[in-house]
Structures are given as C-alpha cells and as structure tokens.
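Asker: Pasting in a structure now, in structure tokens, and then I'll have a few things to ask.
Nothing in this text is a laboratory measurement; each read-out follows from the coordinates by a stated rule. Quick caveat: nothing in here was measured; it's all calculated off a predicted structure. Because the Cβ atoms are built from the backbone with ideal geometry, glycine has one as well, and the counts that use them run over all protein chains shown.
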Amino acid sequence: MRFDGKAALVTGAGNGIGAAIASRLACGGASVLCVNCDEQALARMVETVHQDGGLAIAYVADVPIHQEVKEAVALAVARFGSLHLAVNNAGIGGSAAPLAEQGLEDWHRVLNVNLNGVFYGMKYQIPAILASGGGVIVNIASMWAHHGMRGRAHYTASKLGVMGLTRAAAADYAGQQIRINTVCPGVIDTPLARSGGNETEEIAEMIPAGRIGRAEEVAVVVAFLLSDEASYVTASEYDVDGGILH
C-alpha cells in the first residue's frame, strides 16, 4: 500500500500504535504531521522516520484543547499544501476504580482526551480534507468499546463514543468523498497497555491467538483502511484483537 503524494496527520504519534501508523504512512510515501503532547517521544519518533527515509514533521499539541487541534490541521495544510488522511489515535486509560468511586476530574480528563479529542480532530480535519478533494479518516477506539471494562467506566464510555461519532460522521460525508472508519485494537504491546501490569497479563491469557498484539499489526489494518484498496469501506469497525471477541 503506497501513499505517494498524500498528506497525513496522526495524533498520539509519539509511541505505540500512533508511532507505528505514522511510520508506516511515511515509509509508504506520505508526508505526515505527527502530533503528540510528549515532545521528547515525538522527537525520537520523527527522527526514526527520517532515518528510514520518510517525511515526518513533529507538532506538540494536546488534543483536548480544540485550538491546538485546529492549529495542527492548519500546519499540515500549510506545510504539505493539503490534507488527505487523518488518524485520531491519541488516548489515555485513566485511573481504575468502580464507577461510583471514580473522581470527577478523572472522568472528565479521560472523556476530554479520548472522545472530545476525536471530535475536535474530525471537526477541523474534515473541512481540510474536503478542500483537498476528499480522503479518509480512521479513529482508534478499543475492544472495550464492545464490552464493559471493570473499573474503567470512563474509558469504556469514551471508546464506545468514538464508535458512535465515527458512524455519524461517516454518514454525514459518505457522499462527499470522505470515508471514516474505526479500528478497535485489543491488548497491544504499548506503554498504555503495559501500565496495566497484572491486569494486562490476565487479559492476555484469554486471547485465542495466545499472545498480545504488536502495534505494527494494528498499523497494517489502519493503512488498509486509509488506502484506495478500501474504497467502498466506510462507517465500519475493524477489530484487531487476536480473536478475544470471538
């Protein structure tokens, strides 16, 4: 899958799934604006892309701040001349606690990053993509959008919300040359998953594939959805979870 001549934006691109997606796009010929709130992680990731011969630009932004998301999209258009592809991947897990014991601050923080961040992304990406003649957006949800995750009501709600946003936006713009889909990763070897400790290991034991996934395995599916090979795919959810939802 090649993306020559395409301009892309990926949030949460400093490490994990976002870094794997941005790297795959850049190595496939796309010009990629990599957005992340961790400046050091972002710098390392962009340097790796450059060493591999790809074109990537780092932009430090926090997706719950809509003005920063707007500025990121504007920068992509200014630097690349257009925007064709976007991946809204940035997300956090939040603190684990039964619903009634979850702090209001933690609830709002998770929803602001995981759900509002995706809304802000699409709000500003869609006009830019329309101006470029059309393109594709992929939003990253989670397998927990399908199941209630004990102690993570905020995370589950936010990821289910991402699926709903994606379906609605896809319906709005299906006739305007924009496809929008969701990818739902399972347990993937990322810093966020590793922060789960024993909880992550316990879930991994239930995966029919017998192991947790790799970020690159998610990136392959995202790249397919962003490519012309998926030209008739929109408003869909793709699970990348080793069969745990069978």
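Asker: Over all Cα pairs of region 93-177, how is the pair count split among 10 Å bins, expressed in % and running from 0 up to the last occupied bin?
Answerer: Going out from 0 Å in 10 Å bins, region 93-177 shows 18, 43, 25, 12, 2 percent.
Asker: Determine, from the Cβ-Cβ distance of residue 235 and residue 108 and an R0 of 25 Å, the FRET efficiency 1/(1 + (r/R0)^6), rounded to the nearest 0.05.
Answerer: 0.30
Asker: Right, another one. Return the distance in nm (one decimal) between the two label points of a simple spin-label model at residue 147 and residue 171, each offset 7 Å from Cα along Cα→Cβ.
Answerer: Calculated label separation equals 2.8 nm.
Asker: Additional query: In debye, nearest 20, what is the charge dipole magnitude of region 92-165 about its Cα centre with +1 on Lys and Arg Cβ and -1 on Asp and Glu Cβ, if you could check?
Answerer: Here region 92-165 has a charge dipole of around 140 debye.
Asker: Still on this structure, please answer the following. Evaluate 2.2 N^0.38 Å with N set to the residue count of the chain, then give the Cα radius of gyration divided by it.
Answerer: 0.94
Asker: With charges set only on the Cβ (+1 for Lys and Arg, -1 for Asp and Glu), what does the dipole of region 50-195 come to about its Cα centre, in debye to the nearest 20?
Answerer: Dipole about the Cα centre, nearest 20: 280 debye.
Asker: List the lysines whose alpha-carbon lies under 18 Å from that of residue 70, not counting same-chain residues fewer than 8 positions away?
Answerer: By straight Cα distance, residue 70 reaches 123.
Asker: Can you check what the net charge comes to around residue 73, using other residues whose Cβ is under 14 Å from the Cβ of residue 73 (Lys, Arg +1; Asp, Glu -1)?
Answerer: Taking every other residue near residue 73 into account, the sum is +1.
Asker: Once you keep just the Cα pairs under 8 angstrom separated by 6 or more residues, what percentage relative contact order results for the chain?
Answerer: Relative contact order of the chain: 19 percent.
Asker: Right, next: Where is the GNM fluctuation largest for the chain (alpha-carbon springs, 10 angstrom cutoff): 161, 210, 94?
Answerer: 210
Asker: Can you give me the orientation-averaged projected area of the convex hull built on the Cα atoms of region 69-215, in nm²?
Answerer: Answer in nm², one decimal: 9.7.
Asker: Determine which aspartates and glutamates satisfy two conditions relative to residue 159: a Cα distance under 14 Å, and not lying fewer than 8 residues away in the same chain.
Answerer: The reachable aspartates and glutamates, counting only those whose Cα sits under 14 Å from residue 159, are 237, 239.
Asker: For a Förster distance of 41 Å, can you work out the FRET efficiency between the beta-carbons of residue 228 and residue 201, rounded to the nearest 0.05?
Answerer: So, using R0 = 41 Å, E works out to roughly 0.55.
Asker: Also, I was wondering about something else. Net charge within 12 Å of residue 120 by Cβ-Cβ distance, Lys/Arg positive one each and Asp/Glu negative one each, not counting residue 120 itself?
Answerer: -1
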